[in-house]
Amino acid sequence: MRIALPATSGSSRTGAALRPGDRRGLVGLVSLVGLLVWGLIVGGLPAWGGTLRAPAVAGAFYPGTAEALGPLVEGLLARAPAVEPAATASRLVGLIVPHAGYQYSGPTAALGFKSVAGQTFDRVYFLGVDHRSGRPTVSLWADGGYDTPLGPVPADATTSQELLVADPALVVDPRQHVAEHSLEVLLPFYLKTVGARPAVFLSVGGPPENGLRLGDLLRRHLAGVAGRVLIVASTDWSHYHDAATAQRLDQVGIDAVLALDAPRLLEACRRETTELCGLNGVLALTTLMKAAGGRARLLARTDSSAASGDTSQVVGYAAILCEAEGLPASTPAIDRQEHSPPESSPPGSGTGSGPVRLGQGSTPETATATREEEAMNEMHKEALAAVRTTLEAVLAGRPRPALTFRHPRFAEKCGVFVTLKKHGELRGCIGLLQGVEPLGEAIQEMAVAAATRDPRFPQVTLDELKEIDIEISVLSPMIPVANLDEIVVGRDGLLLKKGFRSGVLLPQVATEYGWDRDTFLEHLCLKAGLPPGSHKAPDAQLLRFTAEVFGEKEP
């Protein structure tokens with residue numbers, strides 16, 4: 001599944017002919033002059049009123065078809081160890097489960113959901129992370145639902161409206177949901193264990209106060225509610241430490257959760273003695289469970305080395321079950337002062353958001369950004385080195401080297417392009433729009449294709465390689481464009497399909513040429529071999545995506 005990009009200075013991007021997708025409209029198949037083939041994911045349509053949020057990471061974090069995903073989830077549940085289920089007398093049940101790619105965190109998530117398998121709940125709440133949008137708010141996906149390859153999970157619109165009325169600070173902001181994976185990856189497990197019962201979908205962004213405030217809101221909202229309630233908080237734990245360090249960091253936070261001690265958990269994050277990306281959701285759940293007089297038990301604590309075999313850089317996971325008999329009709333207000341930073345907190349320790357590991361005098365935002373930027377830079381260096389090593393071997397007539405990649409992202413399936421430039425001019429570019437193989441394999445394969453099989457250029461020679469700069473673009477999943485105002489020039493790449501024609505432009509193209517949105521769309525139509533304005537046609541399909549672009553010669 002490859003695309004060869006045309007020969008004009010890295011700016012043009014090609015298109016090809018499409019065949020219709022399957023019954024859910026998820027997969028299209030395109031061929032390029034008998035040479036290259038590629039596929040893409042297209043979101044489904046709502047099955048009821050409201051907006052159905054399309055899967056963003058299907059085919060990357062987990063299989064993108066029901067035929068592959070259903071048996072995989074069923075197998076993970078079947079292989080999960082026997083677990084004491086949540087007591088049916090517990091009217092308030094909470095789960096803390098991880099949200100990474102299934103090969104890494106799937107067994108742990110399966111064990112968590114196995115503890116509620118076959119049980120009935122009258123209300124369900126999902127508390128997600130905001131990894132991507134950076135919005136400072138708690139956002140509801142208030143109607144429609146979340147789609148999955150196994151079918152949609154409806155939104156509980158009535159309960160969502162109740163929450164919006166109860167706290168005007170809550171918002172309905174799709175930007176916190178459309179590209180976020182932390183809830184999406186849990187829903188196949190939910191469908192296989194609980195069913196398609198409507199749920200409240202919350203993206204808990206912003207500082208930790210948002211998590212504490214949400215816990216207090218849920219305490220008031222659920223006080224005296226009849227029936228059983230399930231609340232699922234999504235989080236991974238420590239990121240990119242060696243396994244022994246990760247276990248130590250995770251245990252500190254897990255112990256605070258098991259004690260249902262939200263202030264202790266937050267303080268541990270401030271003091272860098274634990275890390276978790278879903279802090280806000282976990283603070284909300286532990287705050288609620290503490291008010292309800294609940295209890296918690298650890299079902300599993302694992303890390304990514306169980307799948308990768310690499311103990312030098314791991315991500316931690318845990319499955320925790322919380323239970324309470326239920327909230328009385330009136331519960332005492334949460335003491336807000338107990339959540340305030342203690343007098344001994346370092347100056348500037350702040351109360352930021354997100355995956356937190358705080359440094360002296362830093363906020364959670366700055367500490368998280370530093371940690372994630374360092375890990376991302378290391379991953380970029382590893383990818384670029386792998387591509388150059390591969391090209392040096394292949395262009396010298398040797399086999400493609402079998403490389404071992406350290407960073408967990410190289411095992412994920414995602415779209416990727418490799419671009420070769422000589423003195424700033426395009427020398428070759430081929431890529432995958434959709435993840436069909438692990439990123440580590442894909443960058444090697446695309447690098448060789450760009451150097452030796454781009455039909456617009458002669459093959460790159462070994463002597464020439466020293467004059468060539470390598471650029472890699474890692475693509476996000478495709479998101480259908482519902483409104484042209486969604487498109488952000490410089491951030492979004494675009495794919496246009498109409499009839500048997502299609503065209504694609506990477507995000508950096510518009511920036512390179514200084515195009516505005518309308519010019520970008522005109523060139524997209526021309527690249528697909530269509531008249532300008534064809535993207536507005538009723539039978540046209542327009543999709544957007546982002547790209548993580550990095551190279552040996554940074555702009």
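The values are calculated or read from the model by the stated rules, or taken from the named source; none is laboratory data. Computed from a predicted model, the values in this text were never measured in an experiment. Virtual Cβ from ideal backbone geometry, glycine too; neighbours counted across all protein chains shown.
Looking only at residues that are closer than 20 Å to V57 by Cα and not β-branched (V, I, T) in the range 451-487, which one is surrounded by the fewest Cβ atoms within 10 Å (Cβ to Cβ)?
A482
Every residue in the range 288-312 that is assigned to a strand (DSSP E or B), under 12 Å from V257 (Cβ atoms) and among the charged types (D, E, K, R), please.
Of everything in the range 288-312, those that are assigned to a strand (DSSP E or B), under 12 Å from V257 (Cβ atoms) and among the charged types (D, E, K, R) turn out to be R295, R297, R301.
Just to be sure before I move on: is V315 touching a residue at least 60 places away in the same chain (Cβ under 8 Å), over 19 Å from R220 (Cα atoms) and not in a helix (DSSP H, G or I) in the structure I sent?
It is true that V315 is touching a residue at least 60 places away in the same chain (Cβ under 8 Å), over 19 Å from R220 (Cα atoms) and not in a helix (DSSP H, G or I).
Among the listed residues L186, L150, L202, which satisfies the condition of being part of a helix (DSSP H, G or I) and not β-branched (V, I, T)?
L186
Would you call F126 in a loop (DSSP other than H, G, I, E, B) and either in contact with a Phe, Trp or Tyr (Cβ under 6 Å, 6 or more places away or on another chain) or farther than 23 Å from S476 by Cα (or both)?
No: the conditions fail for F126.
Looking at the structure I just gave you, is L391 modelled with pLDDT of 95 or more and crowded, with 24+ Cβ neighbours inside 10 Å?
Yes, satisfied.
Among the residues of the range 499-528 satisfying the criterion of being more than 26 Å from E471 (Cβ to Cβ) and part of a loop (DSSP other than H, G, I, E, B), which is modelled with the highest pLDDT?
Applying the filter and picking the extreme gives G499.
Can you confirm whether V474 is of a type in the set (V, I, T), farther than 20 Å from P55 by Cα and outside the structural domain of A56 (by TED's automatic domain parsing)?
Taking the combined requirement at face value, the residue does not satisfy it.
Kindly indicate whether L496 is at negative phi, assigned by TED's automatic domain parsing to the domain that holds L432, in a strand (DSSP E or B) and at pLDDT 90 or above.
Considered against the rule, which asks whether it is at negative phi, assigned by TED's automatic domain parsing to the domain that holds L432, in a strand (DSSP E or B) and at pLDDT 90 or above, L496 comes out as yes.
What residue, of A244, A223, is at pLDDT 95 or above and of a type in the set (G, A, S)?
None of the others qualify; the one that does is A244.
Can you tell me how many residues in the range 125-139 are farther than 15 Å from H181 by Cα and either buried (at least 22 other Cβ atoms within 10 Å of the Cβ) or of a type in the set (F, W, Y) (or both)?
So the count comes out to 2.
Are there any pairs, at least 6 apart or on different chains, whose C-beta atoms fall under 9 Å, with the first in the range 56-67 and polar (S, T, N, Q) and the second buried (at least 22 other Cβ atoms within 10 Å of the Cβ), and if so, which?
If the second residue must be buried (at least 22 other Cβ atoms within 10 Å of the Cβ), the pairs left are T65/L26; T65/A58; T65/G59; T65/P149.
Could you tell me whether L217 is surrounded by fewer than 21 Cβ atoms within 10 Å (Cβ to Cβ), assigned by TED's automatic domain parsing to the domain that holds F126 and not small (G, A, S)?
yes
Determine which member of the set L521, L505 is surrounded by 21 or more Cβ atoms within 10 Å (Cβ to Cβ), closer than 30 Å to P438 by Cα, of a type outside the set (D, E, K, R) and not assigned by TED's automatic domain parsing to the domain that holds V178.
From the options L521, L505, the qualifying one is L505.
Just one of T311, T273, T286 is closer than 24 Å to F113 by Cβ and in contact with a helix residue (DSSP H, G or I) (Cβ under 6 Å, 6 or more places away or on another chain); which is it?
Unique residue meeting the criteria: T286.
Can you give me the number of residues within the range 226-241 that are among the aromatic types (F, W, Y) and either modelled with pLDDT under 95 or over 22 Å from the mean Cα position of the chain (by Cα) (or both)?
Here the count works out to 1.
Can you say whether V178 is in the same structural domain as A291 (by TED's automatic domain parsing), surrounded by fewer than 23 Cβ atoms within 10 Å (Cβ to Cβ), under 21 Å from A54 (Cβ atoms) and under 22 Å from the mean Cα position of the chain (by Cα), as far as the supplied structure shows?
In short, yes.
Please indicate, with yes or no, whether at least one residue in the range 265-288 is within 26 Å of G134 (Cα to Cα), hydroxyl-bearing (S, T, Y) and surrounded by fewer than 24 Cβ atoms within 10 Å (Cβ to Cβ).
Checked against the condition, which is being within 26 Å of G134 (Cα to Cα), hydroxyl-bearing (S, T, Y) and surrounded by fewer than 24 Cβ atoms within 10 Å (Cβ to Cβ), the range 265-288 yields at least one hit.
Restricting attention to the range 527-539, and to residues there that are surrounded by fewer than 19 Cβ atoms within 10 Å (Cβ to Cβ) and out of contact with any Gly (no Cβ under 8 Å at 6 or more places or on another chain), which single residue is nearest to R175 (Cα to Cα)?
K536
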